[in-house]
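Bear in mind that the values in this text are calculations on the coordinates, not laboratory data. Just so it is clear, the structure is predicted and the values come from calculations on it, not from any experiment. Backbone-built Cβ (ideal geometry, glycine too); neighbour counts: all protein chains shown.
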Amino acid sequence: MNNFERQFDVDLPGYGEAMEATRKKEEAEAVATAHKNMEGFIGRLEAASKFERTPAEDGAESLKSREGEQFVTKRIENHNDPMVREVWQMMKAEFGDEADPLYWVKESIKQGINKYDVITGPDGKVISFSNSRYLEMEPVAGRPPESLVYMAFILTDEEYRRKGLATELNRKLSLGALEQAKQEGHAVRGMVGESTETSEQFWNKIGEKRVYFEDAEGNIHEVPYKAPPCDYDDNTGEPIGDGINGAYEHLMVNMFDGSGELRSGDLVRMAKTIYFEEYGAEPEDYASKKAWQRTQEVLVGYLKEFEQSLAGAKDGRVFLMSEDERNQKQAELKAKGKEVVEVKIAEE
């Protein structure tokens, strides 16, 4: 409190309480606006849906397409649900040895860490599912508590692709995130994920776009984002396995306020949240505190690299572009002797 505020706090009883009441009111208004923004996003997903929905038991919904196909969507709440193994088997088929082990899939559901929303076919078998997380962001003075939705992936059986099931899963997981945000009083800023070179169009269809900034010369650069290693030695905390040096990915973002841009500092906060919540672990997961601290040092290094990559962002701003928007921007810049610089990532 500065001298001016202290003077009025002494001379005008109740000044501090009034200021606190104003702060809380502004915070509540910001949270309510964020919820409305997310409701708007969910509404757009519903408008784009190919299905008619009817409520079913235990929070599930029946889906009927215009062609008469029928499915059911639900969130797995019980870690012993037989669908958990079906989800894991789909992950194994898609990712091989990189898939999460079955015990962790079950444990993450039990602890409420990962959210698994599924769609079943006419025979009751899982044909599509999403893996997402609701993550709290680092607090910022003068702003309400904020969070984001981390979408790890959506997988659909090849036979059922291009039927709009991913949109339904996106809607389902977003509804769950909005409900949690309302319960906890958080303002959900957006949805974030990591994309390979060939899946951009898929992410664009469900609202997520790559992130870019303009430099001082007017060139456009994709923000270089490197996913940290996933595995660490329990005894030393050093990275191990194939991802020891991390790997560049395309960072995909959807801002629920529909702005299409944000400050670079907020993007760093998003990356920090993903790094330490999705890639980090708890001290008890390591043989010693020193080993855990080493993993934290590794993650800090990746975060610093990410932050430094944004140093050239004009006015400290970044913005989002889909593939179509980027192609249009490339044509515009080429006519001016400028370019769009893309991050090249290795495909397996």
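Quick notes
- Based on the convex hull around the alpha carbon atoms, the range 112-201 presents an average projected area of 7.2 nm².
- Sequence-distant contacts, meaning Cα pairs under 8 Å at least 6 residues apart, place the relative contact order of the range 196-348 at 38 percent.
- Hypothetical label at E332: residues of the range 189-228 whose amide nitrogen lies under 15 Å (7 Å Cα-Cβ projection): 212-215, 218-221
- Subset of K304/K338; K272/K304; K92/K344; K25/K182; K115/K182 violating a 19 Å alpha-carbon distance limit: K304/K338; K92/K344
- Note on the chain: along the principal axes its Cα atoms extend 73, 54, 51 Å, ordered by decreasing extent.
- Cα-based values for the range 25-102, radius of gyration first and Dmax second, are 17.9, 50 Å.
- Rg in Å to one decimal, and Dmax rounded to a whole Å, for the range 196-348 via C-alpha atoms: 17.3, 58
- Helix-derived mean residue ellipticity, 222 nm - over the chain, DSSP H n ≥ 4, -39500 (n - 2.57), to 500: -12500 deg cm²/dmol
- Average Cα contact separation per residue, the chain, under 8 Å, 6 or more apart, as relative contact order %: 15
- Note on the range 1-149: Kirkwood hydrodynamic radius from all Cα pairs is 19.5 Å, rounded to one decimal.
- Summing charges over all other residues whose Cβ lies under 12 Å from the Cβ of N80, with Lys and Arg as +1 and Asp and Glu as -1, gives 0.
- Alpha-carbon centroids, the range 43-99 and the range 231-264: separation in whole Å: 26
- Selection among T236, L320, A271 by position relative to the dipole of the range 196-348 gives L320 as farthest towards the positive end (Cβ unit charges, Cα centre).
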